[in-house]
Each structure stands twice: as structure tokens, then as C-alpha cells.
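Structure first, commentary second.
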Amino acid sequence: MKYIITFAVVIGFVSRALAQTDEKHDASIHQPAQINWQQGPASLPPGAKFAVLEGDPTKDGPFTMRLLFPDSYKVPPHTHPKVEHVTVITGIFNLGMGEKFDQSAGHEMPAGTFGSWPAGMKHFAWVKGETIIQLHGIGPWTINYLNPVDDPRQKK
């Protein structure tokens, strides 16, 4: 009997601790139809849309965002100063590695595929069909084009 009462008391403390933990966290749930897409970001060629789901990709700290690309969208060769993590939600995302845009040197990533690549890796991308990717990492997220002419932030 003594063990049953002790067990019940322990379960009560654990349950109370878990309930307090849940109260401290705000759930963040994003249904596809409720995602607020915006034009941009300005660091990508025109036509892309994005939605920040968690954090702030312009600041230090974790973030999650989605990018929506129209059919045949291309991102010229570039690098990132931090690791990039991509999950393909819909469509086909293609990743090529190197300093020159060459679709024959790419890897097809259909919906459901996850990929990550190291900071500083020279790469480029293109899509087949309207494509949504989810990108997450540690901010700030930045993109550095190998050819400054490709950087849409430099165009007026």
C-alpha cells in the first residue's frame, strides 16, 4: 500500500510538471491554406514568395520559412554563410553544385525529399512545376551570389 501511495504522489508531481511545461510554450501550427505568402524575399530573383513560420530569418537564432517558386524558377549560383536545410513540400526542386548554372549537373529532389548542404558550398537551383520548399536553420539567413550581376538587390 505504501508503494502505491508513493507511486501516485510521484505521478501527480510529474503530471503537474508536464502541465506547467506545456503552459510555458506557445504552439505554432500553420495549416497550408492559412499561410500568409508575401512577395520576395528581395534577395531572390523576382517571382518567389515566402512565409516565415517560426523565428526571424534576418536575426540570430532558429527560423523556419517556406518559399514558393513558380514553374521554371531559377536561382543563380550562390553560397550561404551557414548550413542550409531544405525539405521539398510540393513540386520538384533541383540542386546543382558549382560556380556555373548547369542543369545537367543537378540532383532532382521531389516532394518529400530533405537535403542539407554545408556553409560556403557553391550551388544553384531550379524548379519543375510550382514548388514549395521549407527552409530552416540558424539565422541570419543570407545569400551571396557568385556573380554580383545575378543579385536582385543590386538591380534598380
Filter result (surrounded by 15 or more Cβ atoms within 10 Å (Cβ to Cβ), of a type in the set (A, V, I, L, M) and closer than 18 Å to L146 by Cα) within region 75-86
V75
State yes or no: is T64 β-branched (V, I, T), assigned to a strand (DSSP E or B) and within 19 Å of P41 (Cα to Cα)?
yes
State all residues of region 62-74 that are surrounded by 17 or more Cβ atoms within 10 Å (Cβ to Cβ) and closer than 15 Å to E130 by Cβ; if no residue qualifies, say none.
R66, L67, L68, F69, Y73
Could you check region 38-61 and list, in sequence order, the residues that are open to solvent by 40 Å² or more (accessible area, probe 1.4 Å), under 14 Å from the mean Cα position of the chain (by Cα) and within 22 Å of P152 (Cβ to Cβ)?
K49, V52, D56, T58
Would you mind telling me which numbered condition in (1) closer than 29 Å to S28 by Cα; (2) without any contact (Cβ under 8 Å) to a residue 40 or more places away in the chain G137 fails?
(2)
By my count, strands (runs of 3 or more DSSP E) wholly in region 87-151 with at least 2 residues that are open to solvent by 30 Å² or more (accessible area, probe 1.4 Å) and in contact with a Gly (Cβ under 9 Å, 6 or more places away or on another chain) are 106-110, 123-139
Farther than 23 Å from M121 by Cβ, at pLDDT 95 or above and not in a strand (DSSP E or B), is that true of D26?
no
Condition check: of a type in the set (G, A, S) and over 16 Å from the mean Cα position of the chain (by Cα). Does G139 satisfy that?
no
Anything in region 90-134 that is under 17 Å from the mean Cα position of the chain (by Cα) and without any contact (Cβ under 8 Å) to a residue 24 or more places away in the chain? List them, or say none.
M109, P110, A111
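The values are calculated or read from the model by the stated rules, or taken from the named source; none is laboratory data. The structure presented is a predicted model; accordingly, all values stated were derived computationally and were not measured. Every residue, glycine as well, gets a Cβ built from its backbone with ideal geometry; the counts of neighbours run over all protein chains shown. Accessible surface areas use protein heavy atoms only, side chains included; no ligands, DNA or RNA. Shrake-Rupley method; radii C 1.70, N 1.55, O 1.52, S 1.80 Å.
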